[in-house]
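Enquirer: Below: one structure in structure tokens.
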Ligand SMILES: NC(=O)c1ccc[n+]([C@@H]2O[C@H](COP(=O)([O-])OP(=O)(O)OC[C@H]3O[C@@H](n4cnc5c(N)ncnc54)[C@H](OP(=O)(O)O)[C@@H]3O)[C@@H](O)[C@H]2O)c1
């Protein structure tokens with residue numbers, strides 16, 4: 001099969017097109033003929049072996065695929081557990097494969113899988129968003145952020161503030177349902193967030209880290225929850241418990257991998273996202289579609305902040 005393989009850690013150049021033996025499913029596993037493979041920001045961390053889970057060489061990157069279970073005609077979207085998606089064929093656990101509802105295309109379904117589940121858990125499981133609470137979503141034109149804005153709205157949030165780096169991205173965030181969209185640059189971000197929300201925020205969803213995290217903490221109200229789920233900016237933060245106490249704030253971390261062994265945290269939220277999409281109340285923002293051989297360009301564009309919405313690779317192109 002055709003695939004993209006990493007024989008080394010490093011820059012985008014380590015993503016090498018390769019001809020590999022077809023993977024063989026074991027007990028409890030399915031072989032999926034991949035129609036589209038999802039690209040996630042975590043893939044760029046994993047490429048340099050800087051993600052939360054250590055990677056072992058060689059490997060085929062890619063944590064999610066949409067396609068057909070070989071020999072059955074059954075259409076699924078599935079998580080691979082972190083590797084194997086950038087290929088014509090992928091082996092996935094049956095427990096991490098979900099039927100594709102009629103009317104939902106593979107690109108839309110991939111948008112809702114890793115990023116949709118993440119957005120859902122950020123708001124429901126981590127922030128425990130209550131109706132009327134204000135929410136700020138950073139990188140709101142991105143794959144995860146664009147869904148978080150829409151779900152915050154759907155879950156009854158009060159003011160939703162979006163941040164993004166360009167006017168075009170801020171327009172997209174407003175189209176997703178944000179009340180206000182502001183520049184997400186770190187300098188002076190706390191003041192801009194408070195002004196945009198008309199007061200301190202109840203919830204902030206942050207996957208950037210560094211100064212953006214610190215400024216967001218400044219903008220968080222007493223009883224506010226900061227949900228940290230990524231470090232796109234490359235800098236992790238240290239939290240001072242005395243400040244948390246003094247300001248009455250909570251910091252919650254999220255990693256989707258903790259849901260893998262808990263089916264009740266996967267299928268029901270995904271079904272909810274699929275239903276919302278079927279009703280037109282959740283509209284996945286579809287980003288660029290790259291041929292499989294251009295996986296390096298996809299990752300470069302994602303890390304270079306040049307993309308919006310869900311990026312996918314097409315093994316047939
Ligand atoms: N913890 C989990 O389980 C989990 C699951 C899914 C995703 N995530 C995390 O969520 C974040 C978003 O992932 P995604 O796949 O949906 O990507 P994405 O949001 O579509 O793309 C990343 C966006 O982050 C913003 N950004 C801000 N500072 C950046 C920087 N220094 N470098 C690159 N981008 C920067 C950019 O938007 P602007 O140009 O508008 O600032 C960029 O477009 C990532 O950190 C990812 O690791 C975590």
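The values are calculated or read from the model by the stated rules, or taken from the named source; none is laboratory data. Here the structure is a predicted model, which means the values were calculated and not measured. Neighbour counts are summed over all protein chains in view; Cβ atoms, including those assigned to glycine, are modelled from backbone coordinates with ideal geometry.
Enquirer: Taking the residues in region 285-299 that are closer than 25 Å to residue 10 by Cβ and either touching a helix residue (DSSP H, G or I) at 6+ places or on another chain (Cβ under 7 Å) or in a strand (DSSP E or B) (or both) as candidates, determine which candidate is nearest to the ligand (Cβ to nearest atom).
Expert: Filtering region 285-299 for residues that are closer than 25 Å to residue 10 by Cβ and either touching a helix residue (DSSP H, G or I) at 6+ places or on another chain (Cβ under 7 Å) or in a strand (DSSP E or B) (or both), the one nearest to the ligand (Cβ to nearest atom) comes out as 287.
Enquirer: Here are the criteria: (1) at negative phi; (2) under 19 Å from the mean Cα position of the chain (by Cα); (3) within 15 Å of the ligand (Cβ to nearest atom); (4) buried (at least 22 other Cβ atoms within 10 Å of the Cβ). Tell me which single one residue 124 does not satisfy.
Expert: (4)
Enquirer: Sticking with this one: Restricting attention to region 66-82, which residues are crowded, with 20+ Cβ neighbours inside 10 Å and over 16 Å from residue 267 (Cα atoms)?
Expert: Within region 66-82, 67, 82 meet the criteria.
Enquirer: Right, next: Going residue by residue through region 259-269, is there one that turns out to be closer than 29 Å to residue 171 by Cα and either part of a strand (DSSP E or B) or in contact with a strand residue (DSSP E or B) (Cβ under 9 Å, 6 or more places away or on another chain) (or both)?
Expert: Our first condition is that a residue be closer than 29 Å to residue 171 by Cα; within region 259-269, this holds for 269.
With the extra rule that they be either part of a strand (DSSP E or B) or in contact with a strand residue (DSSP E or B) (Cβ under 9 Å, 6 or more places away or on another chain) (or both), the set shrinks to none.
No; the residues of region 259-269 include none that is closer than 29 Å to residue 171 by Cα and either part of a strand (DSSP E or B) or in contact with a strand residue (DSSP E or B) (Cβ under 9 Å, 6 or more places away or on another chain) (or both).
Enquirer: Of the residues 282, 302, only one is surrounded by 15 or more Cβ atoms within 10 Å (Cβ to Cβ), in a helix (DSSP H, G or I) and at pLDDT 95 or above; which?
Expert: 302
Enquirer: Within region 158-183, which residues are buried (at least 20 other Cβ atoms within 10 Å of the Cβ) and more than 26 Å from residue 130 (Cα to Cα)?
Expert: 169
Listed here are the residues, each with its yes/no results for (1) buried (at least 20 other Cβ atoms within 10 Å of the Cβ); (2) modelled with pLDDT of 95 or more.
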site	(1), (2)
53	no, no
59	no, yes
86	yes, yes
116	yes, yes
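Enquirer: Here's another thing I want to ask about it. Which residues, counting only those in region 27-48, are in contact (Cβ under 8 Å) with a residue 60 or more places away in the chain and over 23 Å from residue 256 (Cβ atoms)?
Expert: If the condition is that a residue be in contact (Cβ under 8 Å) with a residue 60 or more places away in the chain and over 23 Å from residue 256 (Cβ atoms), then 31 is the only one that fits.
Enquirer: With the condition being closer than 30 Å to residue 151 by Cα, I'd like the strands (runs of 3 or more DSSP E) fully within region 1-117 carrying at least 1 qualifying residues.
Expert: Numbers: elements: 2-6, 15-19, 29-39, 64-69, 75-79, 89-93, 97-99.
Where strands (runs of 3 or more DSSP E) fall fully within region 1-117 and carry at least 1 residues being closer than 30 Å to residue 151 by Cα, they are 29-39, 64-69, 75-79, 89-93, 97-99.
Enquirer: Further, regarding this structure: Scanning for something within 16 Å of residue 303 (Cβ to Cβ), crowded, with 23+ Cβ neighbours inside 10 Å, touching a strand residue (DSSP E or B) at 6+ places or on another chain (Cβ under 9 Å) and assigned by TED's automatic domain parsing to the domain that holds residue 78, does region 25-36 turn up at least one residue?
Expert: no
Enquirer: Sticking with this one: Among 245, 217, 226, which is the only one that is more than 26 Å from residue 168 (Cβ to Cβ), in the same structural domain as residue 165 (by TED's automatic domain parsing) and without any contact (Cβ under 8 Å) to a residue 24 or more places away in the chain? Quick ask: steps written out before the conclusion?
Expert: Details: 217 fails: without any contact (Cβ under 8 Å) to a residue 24 or more places away in the chain; 226 fails: without any contact (Cβ under 8 Å) to a residue 24 or more places away in the chain.
245 is the lone residue from the list that is more than 26 Å from residue 168 (Cβ to Cβ), in the same structural domain as residue 165 (by TED's automatic domain parsing) and without any contact (Cβ under 8 Å) to a residue 24 or more places away in the chain.
Enquirer: Moving on to the next point. Look through region 252-269, keep the residues that are touching a residue at least 24 places away in the same chain (Cβ under 8 Å) and away from the ligand (no atom under 14 Å from the Cβ), and return whichever of them is farthest from residue 149 (Cα to Cα).
Expert: Checked region 252-269; the qualifying residue farthest from residue 149 (Cα to Cα) is 263.
Enquirer: For region 184-210, which positions are near the ligand (Cβ under 9 Å from one of its atoms) and either out of contact with any helix residue (DSSP H, G or I) (no Cβ under 8 Å at 6 or more places or on another chain) or under 9 Å from residue 163 (Cβ atoms) (or both)?
Expert: 184, 185, 208, 209, 210
Enquirer: Let me ask you something else. Which residues, counting only those in region 213-238, are more than 18 Å from residue 191 (Cβ to Cβ), surrounded by 15 or more Cβ atoms within 10 Å (Cβ to Cβ) and away from the ligand (no atom under 14 Å from the Cβ)?
Expert: The answer is 225, and nothing else.
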